[in-house]
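No value in this document is a laboratory result; all are computed from the given coordinates. Note that the structure is predicted; figures quoted are calculated from it, not measured. Heads up, the Cβs are rebuilt from the backbone with ideal geometry, glycines too, and the neighbour counts pull from every protein chain shown.
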Amino acid sequence: MTDLASRWLGGSVVAASDESFGEKESLLNPAPAAFEPGHYGNRGEIVDGWETRRRREGGHDWAIIRLGAPGVITSVDIDTSFFTGNFPQAASIEACGCEGYPSPEELAGTGITWEQIVPVSKLTGDSHNVFTVTSTRRFTHVRLSAYPDGGIARLRVLGQVVPDPRELDRLTIDLAGQGHGGIVARSSDDFYTSASQLNRPDRARTMGEGWETQRRRGPGHDYVLFRLAFAGVVRRIVVDTAHFKYNASAAVALYGCARDPCPPEDSPAWLPLLSRTRLQPDTRHMFPAETAQPVSAVRLDAFPDGGLSRVRLLGSITAEARRAAGYRWFNSLPAPQAIDCLATAGIPVTLATEIAGQRPLLANQPAGLHTGTGDGGADAYRLLAGMLEGNPR
């Protein structure tokens with residue numbers, strides 16, 4: 001799963017009730033929590049996490065997080081590492097889906113509909129408290145409540161990215177990018193660092209933020225399998241060996257396929273995207289793709305081993321994939337956000353409410369609007385189809 005709240009994807013703690021001892025931003029620090037006892041500052045012992053003051057009145061503390069990548073949340077990890085006598089007794093998680101960029105005041109106000117996805121649950125100190133989430137809705141923000149106060153080191157919001165396809169229409173994108181929903185499905189070796197860092201949207205700052213395998217002493221080579229966010233046509237390939245000066249891979253070759261699930265690594269279904277090509281250390285390489293056929297997965301072979309910093313697969317989404325993404329996105333929206341999207345597109349609120357209530361919509365029968373449901377049904381169908389399928393208005 002992808003950490004939807006990760007700072008690597010742009011997640012942010014937009015507001016908190018209190019942060020007297022530990023800053024709220026520490027919640028989303030991608031690094032594991034660390035702590036050195038006996039170090040004190042003006043506010044007390046220096047901690048690596050979000051810690052509030054001792055609450056002497058009623059109520060509880062809270063923090064609101066904007067997800068870096070909106071999506072369907074499958075589990076939440078409330079990490080209380082190193083908090084042993086000062087962690088909250090319990091916590092809960094609520095989530096919401098919002099259009100645009102609401103302010104902290106709007107998110108903390110009464111105009112937002114929050115859905116509880118983790119009920120008030122007991123916490124254990126100095127532990128990873130993992131809770132399963134069953135909601136299938138797509139959320140953009142979460143609210144962490146700590147009862148009544150205390151310290152939490154990290155918050156991980158794990159799930160599946162569900163991008164808003166309207167933002168990607170007519171664009172060339174990184175089809176493998178984490179922020180769009182691409183994942184590293186598997187790799188041959190993650191001895192030093194994980195291949196899951198290869199499709200992060202940022203630039204690596206050190207060799208430790210790339211993929212590094214152990215030294216291969218026998219025959220063969222290493223590989224990484226990417227499951228693309230969307231089926232699409234790869235037009236340009238970026239292979240970055242930044243910071244790998246003495247242990248970069250000597251060469252790479254890339255192959256793509258349109259099968260789901262992916263075939264075995266040695267299947268003839270893999271089409272060549274880039275023939276075996278020499279790499280230079282500490283260099284950002286750009287290569288044209290050798291095929292224009294749509295693919296949904298890409299295999300990168302690294303010869304014979306070594307390290308890569310980032311891989312980008314730049315291309316365009318197929319019409320079929322865009323349509324499927326549109327329906328998946330709209331069907332997963334919380335009802336208030338779905339109505340808001342439709343109303344913003346120009347569909348009357350009454351009809352928008354009716355359409356949102358008919359979900360899940362099917363690609364061949366979008367809410368029955370082809371028969372002219374309600375007043376303005378024909379216009380509504382045109383607007384809805386443009387939003388879901390990417391058709392020009």
Neighbour-count ranking for 308, 351 (other C-beta within 10 angstrom, fewest to most) reads 351, 308
Taking the alpha-carbon centroid of each part, what is the distance from segment 84-135 to segment 190-242 in angstrom? 33 Å
Using θ = phi - 60° and the Karplus curve 6.51 cos²θ - 1.76 cosθ + 1.60, what whole-Hz ³J(HN,Hα) does each residue of segment 127-143 get, with Gly and Pro shown as x? 8, 8, 9, 9, 10, 7, 10, 9, 5, 9, 7, 8, 10, 10, 9, 10, 10
Using the Karplus curve 6.51 cos²θ - 1.76 cosθ + 1.60 with θ = phi - 60°, work out ³J(HN,Hα) for each residue of segment 251-268 in order, rounded to whole Hz, and write x for Gly and Pro. 7, 9, 9, 10, 9, x, 8, 10, 7, 9, x, 5, x, x, 4, 9, 6, x
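So how do 285, 60 line up by other beta-carbon neighbours within 10 Å, fewest first?
With the fewest neighbours first, 285, 60 line up as 285, 60.
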Name the long-range amide H neighbours of residue 256: under 5 Å, sequence gap of 5 or more, or other chain; modelled H, no Pro or chain starts. 271, 273, 299
Using Cα centres only, tell me the gap between segment 275-322 and segment 24-78 in whole Å. 38 Å
Given segment 206-247, what whole percent of its Cα pairs are spread farther than 11 Å? 79 percent
Report the Rg/Rh value for segment 2-161, based on alpha-carbon coordinates and the Kirkwood definition of Rh. 0.95
At 222 nm, what helix-only mean residue ellipticity would the chain give, in deg cm²/dmol to the nearest 500, using -39500 (n - 2.57) for each DSSP H run of four or more? -4000 deg cm²/dmol
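Could you tell me which of rounded, prolate or oblate describes the chain, using a ≥ b ≥ c as the square roots of the eigenvalues of the alpha-carbon gyration tensor, with rounded for a/c under 1.5 and, failing that, prolate when a/b is larger than b/c and oblate otherwise?
oblate
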What are the radius of gyration and Dmax of segment 199-358, computed over its Cα atoms and given in Å? 20.3, 68
Roughly speaking, what is the stretch gain from residue 171 to residue 105, that is 0.36 nm per residue apart minus the C-alpha to C-alpha distance, in nm to one decimal? 20.4 nm
Which of 274, 175, 155 moves the most in a Gaussian network model of the chain with Cα springs under 10 Å? 274
Mind ordering 26-39, 178-191 by average Cβ neighbours within 10 Å, highest first? 178-191, 26-39
Ranked from fewest to most other Cβ atoms within 10 Å of their own Cβ, 136, 283 fall in the order 136, 283
